[in-house]
Amino acid sequence: MIMNRIFLAILLIIATLPFDSIFATQWNLAKEKNGIKIFTAKLPDQAYKAVRVECLIAARPEQLLALLLDINNNHEWVYKTKSSRRLKTISPTELIYYAQMESPWPFSNRDIIAHLKVTRHSDKVIIIDSKAKPDYIPDEEDVVRIQSSKAQWTLTSIQDNMVKVEYVIQFDPGGNIPPWLINLFVSDGPMVSFQKMKERVNLPEYKNTRLEI
């Protein structure tokens, strides 16, 4: 059980980028449940597997975006998130944030600083890119800073109140967690987080939002 809980919040903290080579790779279905599909891929010269998530969510794209931008409440749905906070608002569609993820003994907690930017690509498609900025603030004591992370959310409206969500992430957790252990359980955290996201997105504070992107 300890193995299953090692780190997995790292994978969905980002709420974490255009990296075209990942989208061209060969993905393998690792897990499927309640309409959520988790794929993994081993990339050249990368010790840790990339992860891709696909699902349909009963919501508007702007509604889901409001949830993703609510950084201070990420701990309510992102697996094993201990804390998160917005560090800088660059614009209504661009920000920098901090998040810390719990790890069980004997591993240290991980944290990340991420630069997040939202772009509307068409009337139906919103893309959220995120990339690690490890040197933005000093390191926290007894916490391992994630040095490398790229992620991308693609929100596509396919009909009224229905969004297709695609999420891709490649990261390196740093420190002394062995790659084989991360790769063994890499699909567990996203499954938990996406199930919670499906429930949380329909809370009034997100359902009633009217964001202009």
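The table that follows gives values for the structure above.
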quantity	calculated
Partner aspartates and glutamates for LYS117 [C-alpha distance under 20 Å; skip if fewer than 8 residues away on the same chain]	ASP20, GLU62, ASP70, GLU94, ASP129, ASP135, GLU166, GLU212
Partner lysines for LYS124 [C-alpha distance under 20 Å; skip if fewer than 8 residues away on the same chain]	LYS164, LYS198, LYS207
TYR79 long-range amide H proximity, modeled H, under 5 Å	SER193
Calculated from backbone phi, Karplus (6.51, -1.76, 1.60) coupling profile of region 73-87 in Hz, x at Gly/Pro	10, 4, 5, 6, 9, 7, 4, 6, 7, 7, 7, 7, 7, 7, 9
Reduced Cα scattering model of region 55-150, Debye log10 I(q)/I(0), q = 0.11, 0.13, 0.20, 0.24 Å⁻¹	-0.36, -0.50, -1.05, -1.35
ASP111 long-range amide H proximity, modeled H, under 5 Å	MET101, VAL144, ARG145, ILE146
Pairs from LYS42/LYS82; LYS31/LYS196; LYS88/LYS133 whose Cα-Cα separation, in the structure shown, is over 22 Å	LYS42/LYS82
Reachable aspartates and glutamates from LYS80, criterion Cα separation under 12 angstrom, eight or more residues apart if same chain	GLU102, ASP111, ASP188
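Coordinate-derived values only; no laboratory data. As the structure is a prediction and not an experimental result, all values here were calculated from the model.
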